[in-house]
Structure formats: C-alpha cells, structure tokens
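For reference, the structure discussed in these notes is given below.
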Amino acid sequence: MEKYLEIIKNSYSGYWNYLKYELIDLNHWDNYFYGLIAISLLVWALEILFPWRKHQSVFRKDFWLDTFYMFFNFFILNLIILIALSNTASAFFNDILGVIGLSLHQLQLFDVDDLPRWLGLFIFFLISDFVQWNTHRLLHRVPWLWNFHKVHHSVKEMGFAAHLRYHWMEPVVYKSLLYIPIAIIGGFDAQDVAIVYFFAIAIGHLNHANLGWDYGIFKYVFNNPKMHIWHHAKKMPQGVRYGVNYGLTLSLWDYIFGTSHVPHDGRDIELGFHGDETFPKDFVRQEMYPAFSKRKAPKH
Ligand SMILES: [Zn+2]
Ligand SMILES: [Zn+2]
C-alpha cells in the first residue's frame, strides 16, 4: 500500500514539474495547454463564421460553465488522474502478474516499436478509440455509471466547450479501461499519444460545435456535429433503451455495430435526458452528483 502511495506522490510531483515546463516553454510542440486554447479558439471561430443554429448566441447557454469545465477537466484533472493512475495501475498490475510468475513485458502481445512509426500511431489510435467507444456504451448501460455521465448529457444548447463538460469520475473510468490494452500492446511513445490526443480533442470539439457539418462521405468514418447531436437527443428513438451514436472520434464503430442513428437534420431537436429538469445546474453540485441530490418521489 505504501508503495502505491509513493508512486502516486511521485507522479504528482513529476506532473507539476512537467506543467511548469509546458507553461513556460511556448515553443514546445506538444504543449497541451496552448494546444487546447488554439483548438478551442479555432472551432469557436468556425461556429461564429458558419453557425448552424443562426439564432444561437455566440456566448450560448452555459458557455462559461463549460469553459470552466474545459480547463478543469482537460488540464488539471484529466492529466493528474491519467498520470497517477497509469503509474499506480502499472505497478499494481505488475504485482498481480508477479504472483503468477509473469511480468508485464511478457504479457505484451507485440511491441509497436518493431513497426513503422505511422503504423504504431494508427494502431494506438484505433485501439484507444474502440476501447473508449465501448466505455461510452458502458456509461449509458450501467445505472451507477450513467449517473456520472448525466453531467455530459445535461447540455441543453450545443457548442464546442460542451465537449469537456463531464463528471470527474469519467476520466477515471475511461483511463482505467484504456490502460489494460495499451499496457498489453506496449511501446507507444509520448509524442504519438500527444498527436492522437490533439486529434481527438479537435474532432470532439467539432462534434459539439454549432456547425451543421458531416464531412460528406467521411461521416461513415469520423464522428461529426450532425451525428453527435442525436447522441444528445432528449427523446430516444423507438425501441432504443440506452442510446445511439456512441462514437468519440470515429463513427465507424456505430456503423459496424448498428448503433448509428441520424434520422433527419437534428439542428433544432431538444437536448438532454429524461428528468433533466431536476438535475443540478451548477459546477459543484454536478461534480458531487449523485451524492447530496434529493431524490424526488415519482409522481403518479
Ligand atoms: Zn453519452
Ligand atoms: Zn457529447
């Protein structure tokens, strides 16, 4: 136990050093902080230039709430949890394997270091997107996970920053499940991870933006605003219980596994979920949800 605490502590101090470095060195290409701001400003500019819902304010409903979420989640929380968890998980996983006389290295199916760089990058991207697509399905299917995911679905008016409105438990769930396949494959380097990360952030911002785009024929490969808005629809299609269009970066999985649903132009559909009228509206109570939230007795 002490060992794990030590690892968590070390990864945190490592993270703060890294953070300082990232904020000071503007020329560092994989600078997460400025990368996020640049992508956000770009997608926001596109929203202003080519709005889908023309009446929607440039500072739409919950713009500042979501902007706060964006920095909180992406910058502070996501990376801290990611780094602490991955080092701890790695040590924990190795210990368990050690008991049965294996090491993590032996478990690796193959090492992407043996492959051409672009192929390693492509494999990393495909696997992480597919694992996250499955995780997203779980968030909708498992009731206690859905409680956390409701925060993301409480968005009533879409705009780029809605992308990063999510409960602090979400990265814990996503990164834990993502860790295992990534450890088994092995050999990915930080720069590859950064490229994939930025690409995912850009596509994710676009998915939530006030833009009526679907990228033409590429809609069968990449998730897009016209598709993702149906994921946020308040009214579920007939016969569907949990949700549709679970895609993060790729829409491909929804087309392959039959969970795609784009019946018509969803520009003006109502967003949210059943019962969102009583869902907390502020950051603190959303982050605490479902704790301390009064459960209203269903009316009959
Ligand atoms: Zn969802
Ligand atoms: Zn969304």
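The values are calculated or read from the model by the stated rules, or taken from the named source; none is laboratory data. In this text, all values refer to a predicted model and were calculated from it rather than measured experimentally. In this analysis, Cβ positions are derived from the backbone assuming ideal geometry, glycine residues included, and neighbour counts consider all displayed protein chains. These accessible areas exclude ligands, DNA and RNA; they are computed on the full protein's heavy atoms, side chains included. Shrake-Rupley method; radii C 1.70, N 1.55, O 1.52, S 1.80 Å.
Observations, loosely collected:
- The set of residues in the range 215-251 that are more than 14 Å from ligand 1 (Cβ to nearest atom) and either over 20 Å from the mean Cα position of the chain (by Cα) or assigned to a helix (DSSP H, G or I) (or both) comprises TYR215, GLY216, ILE217, PHE218, LYS219, TYR220, PRO225, LYS226, LYS235, PRO237, GLN238, GLY239.
- Residues located in the range 263-292, provided they are of a type in the set (Gly, Ala, Ser) and surrounded by 16 or more Cβ atoms within 10 Å (Cβ to Cβ): GLY266, GLY272
- Counted residues, the range 238-256 - those being open to solvent by 30 Å² or more (accessible area, probe 1.4 Å) and farther than 14 Å from GLN132 by Cβ: 7
- Top-ranked residue of the range 177-205 - restricted to ones that are at pLDDT 95 or above, closer than 22 Å to HIS140 by Cβ and touching a helix residue (DSSP H, G or I) at 6+ places or on another chain (Cβ under 6 Å), ranked as nearest to ligand 2 (Cβ to nearest atom): GLY204
- Within the range 16-54, being farther than 21 Å from ILE195 by Cβ and at pLDDT 95 or above holds for TRP44, ALA45, LEU46, GLU47, ILE48, LEU49, PHE50, PRO51, TRP52, ARG53, LYS54.
- Only residues that are away from ligand 2 (no atom under 13 Å from the Cβ) and outside any helix (DSSP H, G or I) were counted in the range 108-166, giving 7.
- Taken as a whole, the range 199-209 holds no residue that is within 16 Å of ligand 1 (Cβ to nearest atom) and over 25 Å from TRP64 (Cβ atoms).
- Pairs where the first residue, in the range 143-162, is open to solvent by 10 Å² or more (accessible area, probe 1.4 Å) and the second is within 14 Å of ligand 1 (Cβ to nearest atom) and not in a helix (DSSP H, G or I), C-beta under 7 Å, 6+ apart: PHE148/HIS167; LYS150/PHE273; HIS152/ARG165; HIS152/TYR166; SER154/GLY272; LYS156/LEU271; LYS156/GLY272
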